[in-house]
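The values are calculated or read from the model by the stated rules, or taken from the named source; none is laboratory data. It should be emphasised that the depicted structure is a prediction, and the values quoted were computed from it without experimental measurement. Here the Cβ positions follow ideal geometry from the backbone for every residue, glycine too, while neighbour counts run over all protein chains shown. The protein model used for the area step is the full one, side chains on, heavy atoms only, and it has no ligands, DNA or RNA in it. Shrake-Rupley method; radii C 1.70, N 1.55, O 1.52, S 1.80 Å.
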Amino acid sequence: MSDGLIAVIGATGAVGLEVLQILAGRGIDSSRVVAIASERSVGKSVPMGDQSLAIRPLAEGCFANVGTAIFGTDAAISREWCPKAVEAGAVVVDNSSAFRMDPAVPLIVPEVNGDVLRHAHLQSRGPKGLLIANPNCSTIILLMALTPLRDAFGVEHIVLSTYQAVSGAGIAAMDELRAQAQSVLDGVPAAPVVFKEPCAFNVFSHDSAMNVTTGLNGEEQKIIDETRKIWQDSAVRVSPTCVRVPVLRAHTQAITARLKSPATLEEVRRVLAAAPGVRIVDDRLQNSFPTPLKAAGRDEILIGRTRCDPGEPFDDSGRTRSFSLLICGDQLRKGAALNAVQIADELGCLQLARR
Ligand SMILES: NC(=O)c1ccc[n+]([C@@H]2O[C@H](COP(=O)([O-])OP(=O)(O)OC[C@H]3O[C@@H](n4cnc5c(N)ncnc54)[C@H](OP(=O)(O)O)[C@@H]3O)[C@@H](O)[C@H]2O)c1
């Protein structure tokens, strides 16, 4: 259990604002929460439930009396400031990519590898705190749907295409989509700032850095690397294509998973229906399936269009090894803020701050 205050760093951002709302929803007393952002935001306040918190600056000494620190800052800021929070004795959950692939830092989705959090060295800490990394939002959403299939049948190859909301690039990207949509409707050409391409009425290859040798962008490489780390499976094959779509929040993924053991569609559906943190939205008669609007603001990952892959043969028992799914998840909630709060909660960090 951790006492002390709960600091949310990056509290004015898309992830930080969501963290504050989730903490409020879990009954956390706002007087136990410190909202931190850049010097630029000092003088502003941010909502937490029906309260508001004045922004404090990220500055030396700001982690005094902080027992838990949830970072929603970019990787450069996290790289510099997370170790300072750990040094001050805080349990730190970082949403950035800064520490995800560090072998000494656990990379956690509680429903997938939460058992790691129960290891003795994480539960019994010395005077220094500890650091846990939150995975990339697309990785979290993918593994929420596929881990139950992996546990039941094994997974050897994942092919996925993402349709990612602009809010994955932060609060400024949401403002850009709203403003561009309005200007295009007004007959004024869109003027991109956050993204290189116009985001309104457009679809484009993910805006993360392109590796000119592999042809993979940063988002695709993260999904590959993080899936292998979280599953502790360096052999699993992952073939992603990541694309940005003009959606405000919630990512969509079209997935085909090749299993190690064959299964029937009914067996796959039964496993998915019993999985934690997911909701089945799969009505073939009504042609009603997951959409980002249905997923936005929800904690669960929506799963539908579950079907046998027509490109894969059936065996004599009517089983096949390849299945396709369409899933949607709110990447600001389960893909970031909710996952981080769950980690802190599982480590016992929120108990003393509950009203
Ligand atoms: N958005 C998502 O869906 C998502 C999902 C998973 C992971 N992540 C990761 O989560 C992190 C935050 O993403 P976001 O989308 O919330 O970004 P964002 O909306 O752009 O927010 C960034 C936050 O960082 C703060 N910040 C910037 N410079 C700072 C400085 N010098 N000192 C202190 N604070 C500073 C900003 O404060 P000011 O307002 O004062 O500038 C703001 O609160 C990123 O690492 C991102 O990759 C995001």
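Structure above, values below:
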read-out: Filtered residues of region 35-68 (kept if of a type in the set (A, V, I, L, M, F, W, C) and either farther than 20 Å from Arg333 by Cα or in a loop (DSSP other than H, G, I, E, B) (or both)); value: Val42, Leu53, Ala54, Ile55, Leu58, Ala59, Cys62, Phe63, Ala64, Val66
read-out: Subset of region 163-191 (residues that are open to solvent by 30 Å² or more (accessible area, probe 1.4 Å) and in contact with a Cys (Cβ under 7 Å, 6 or more places away or on another chain)); value: Gly168
read-out: Failed item, numbered, when Val105 is tested on (1) aliphatic (A, V, I, L, M); (2) farther than 21 Å from Gly67 by Cα; (3) within 16 Å of the ligand (Cβ to nearest atom); value: (2)
read-out: Answer residue from region 82-99, given it is open to solvent by less than 30 Å² (accessible area, probe 1.4 Å) and within 10 Å of the ligand (Cβ to nearest atom) and is nearest to the chain's Cα centre (by Cα) among those; value: Asn95
read-out: Only listed residue being under 30 Å from Ser261 (Cβ atoms), open to solvent by less than 20 Å² (accessible area, probe 1.4 Å) and away from the ligand (no atom under 16 Å from the Cβ), chosen from Leu160, Leu216, Leu142; value: Leu160
read-out: Segments classed as helices (runs of 4 or more DSSP H), wholly inside region 250-347, with at least 2 members that are away from the ligand (no atom under 16 Å from the Cβ) and open to solvent by less than 70 Å² (accessible area, probe 1.4 Å); value: 265-273
read-out: Extreme residue, most open to solvent (accessible area, probe 1.4 Å), among residues of region 36-81 that are aromatic (Phe, Trp, Tyr) and within 11 Å of the ligand (Cβ to nearest atom); value: Trp81
